[in-house]
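Below is one structure, written out as C-alpha cells, with a few remarks after it.
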Amino acid sequence: MACSQEVVVTGIGLVSALGCLESSWKKVLAGESGIHIEQPFPELAPCPLALTNRYPARLEPLTEQVVQAALQDAGLSPPLPDCAIVVGSSRGNQARWEEWAILHSILPTPHSLPSLPPTWLETLPHTAAIAAAQYIGTQGAVRSPMAACATGLWAIAQGYELIRSGEYDRVVAGAVEAPITPLTITGFQQMGALARTGAYPFDRDREGLVLGEGGAVLILESATLAKQRSAPVYGRILGFGLTADGFHVSAPEPGSRAAIAAVQQCLERSGLFSEEIDYIHAHGTATALNDRNEAHLIQTLFPHKPPTSSTKGATGHTIGASGALGAAFCLLALQQQAVPPTAGLKQSEFDLDLVTVARSTALQTALCFSFGFGGQNAAIALSR
C-alpha cells in the first residue's frame, strides 16, 4: 500500500479512570491504577471497576470532553466544517436504554407498546460520532464504526485512510465508551470473564478483565497541513491491519492465525520488518484465553522480544475505546522515549519482555493491538 499522503497526529484528547491525558500518562508511568471496588448499582454486588467519576459516565458529555481536549491540544477550535469524524463506540448509549427498560417494567403501558421519550433518536448507535460532529460543526463525512473491543483502532484506521487517500486533510478519530451498566456487568459475570479483585494482565494468577470507562480521540492531519500551520506532531501513523477469525462469538481462534495475519498485514503496509518494532502495546485483558493467545502471537512474530506492556491494569478495559487509549499511550511513549509498565503484573506466565516498571529507552516505532468479540483483530503501527 503506497502512502500518497503522510498522516500525522497533532492532538490527543483522553479521559480515563486516572484522569485527563497528562494525569493518566503520569499515573500509568508510575504504575498506579484507577481500579477500585465499587457498587454503582445497589442490586448488584460490589466489584472492581475503573470509573472516571463517582457515578457511571454518560456517553455524550464524555465524547464532548475528549473531543474538546483533543482540539485544544492541537491548537484548533470549532467550527471545523471540512473535518471528517470517525468516532466509534461498542456499547453506545446502552445505559439509557437499560434505564428505559427498567422504567417500563415498573410502569407498564396497558394495551399498547411502551412509549419512548422524545429524545430516543439521540441514543442510536452513532451517538458519539454525531455528538462529535455537532461539537465541531463539521459538514464533512461522519462515520461510527463498531468492532467490539477493536473499535478504537478500526476508527483510527478509517481516519488514516480518509487522509491517505486525499479525501480529507483533517480527521477526528477514536472511540468513547461508557460501559458501566447492570447488563454489561452481569453479562461479563455470566461469561466468567470478570475479575474478583483487579486486573493483572499476563500474570500467572490473573482473574479476568475489569470494566473501565473513558475515551480517546486523535486529531489526524496530512503532514502537509500540519506543516502549513506549524503544528507540533506526536508521531506518524504508518499503517494498519484488520482481520476476523470467523471462529466464535467470544472465544479467540486457537493458534491465532487471523490475528497473526492482521499484524503481518500491518507490518507489510507500514513497510516494516518485525525486528524494527521497538515497543508493543498489547491488548492484555487479563483473561486466560486472550493473554495466552496474544503471548503466542508475540512470541511467533517477534522473536527479538521487544518491550511489551498492557495498560489495562491501570485504566481497566474500556471495551471499544481501549485501542484508542492504547494508541494515545503509544504516541506518548514515542514522544517521551518511555515504555509504560503493566500495572498489576507480579509474576508473568509468558516468555516475553513484559515491562513492570517504566523504562526509558530509544523508541522509533510502536505497535498497538486490539482483539474483540467475534474475532475482530486490529493492529496499528506508529512512529516518531
Answer with yes or no whether residue 282 is under 29 Å from residue 128 (Cα atoms), small (Gly, Ala, Ser), crowded, with 24+ Cβ neighbours inside 10 Å and within 20 Å of the chain's Cα centre (by Cα).
yes
Where residues in region 6-47 are under 19 Å from residue 58 (Cα atoms) and among the β-branched types (Val, Ile, Thr), which of them is surrounded by the most Cβ atoms within 10 Å (Cβ to Cβ)?
15
Does residue 103 satisfy the criteria of being assigned to a loop (DSSP other than H, G, I, E, B), of a type in the set (A, V, I, L, M) and over 24 Å from residue 149 (Cα atoms)?
no
Of everything in region 18-29, what is touching a helix residue (DSSP H, G or I) at 6+ places or on another chain (Cβ under 9 Å) and not polar (S, T, N, Q)? Give them in sequence order.
18, 19, 20, 21, 25, 27, 28, 29
Those residues that are on the phi > 0 side of the Ramachandran plot and buried (at least 17 other Cβ atoms within 10 Å of the Cβ), I need them from region 136-150; list them, please.
148
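A quick yes/no check of all residues on (1) touching a residue at least 24 places away in the same chain (Cβ under 8 Å); (2) in a strand (DSSP E or B); (3) among the polar types (S, T, N, Q):
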{"position": "8", "(1), (2), (3)": "yes, yes, no"}
{"position": "14", "(1), (2), (3)": "yes, yes, no"}
{"position": "24", "(1), (2), (3)": "yes, no, yes"}
{"position": "28", "(1), (2), (3)": "yes, no, no"}
{"position": "32", "(1), (2), (3)": "yes, no, no"}
{"position": "41", "(1), (2), (3)": "yes, no, no"}
{"position": "45", "(1), (2), (3)": "no, no, no"}
{"position": "49", "(1), (2), (3)": "yes, yes, no"}
Looking only at residues in region 186-201 that are of a type outside the set (S, T, N, Q) and assigned to a helix (DSSP H, G or I), which one is surrounded by the fewest Cβ atoms within 10 Å (Cβ to Cβ)?
187
Apart from one, (1) buried (at least 21 other Cβ atoms within 10 Å of the Cβ); (2) modelled with pLDDT of 95 or more all hold for residue 91; the odd one out is (2)
With in contact with a strand residue (DSSP E or B) (Cβ under 8 Å, 6 or more places away or on another chain) and either surrounded by fewer than 24 Cβ atoms within 10 Å (Cβ to Cβ) or under 30 Å from residue 100 (Cβ atoms) (or both) as the only criterion, which of 238, 218, 153 stands out?
238
Reported set for region 243-269 where residues are hydroxyl-bearing (Ser, Thr, Tyr), modelled with pLDDT under 95 and under 9 Å from residue 377 (Cβ atoms) is 256
Every residue from region 144-185 that is over 20 Å from residue 318 (Cα atoms), of a type in the set (D, E, K, R) and either modelled with pLDDT under 95 or not in a helix (DSSP H, G or I) (or both)
167, 169, 170
Given (1) touching a residue at least 60 places away in the same chain (Cβ under 8 Å); (2) touching a His at 6+ places or on another chain (Cβ under 8 Å); (3) surrounded by fewer than 17 Cβ atoms within 10 Å (Cβ to Cβ), where does residue 274 come up short, assuming only one miss?
(1)
Filter result (of a type in the set (Val, Ile, Thr) and either in contact with a Cys (Cβ under 7 Å, 6 or more places away or on another chain) or part of a strand (DSSP E or B) (or both)) within region 217-259
217, 219, 237, 243
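The values are calculated or read from the model by the stated rules, or taken from the named source; none is laboratory data. Keep in mind that what you see is a predicted model, and the values were worked out from it rather than measured. Note that we place each Cβ from the backbone using ideal geometry, even for glycine, and neighbour counts take in every protein chain shown.
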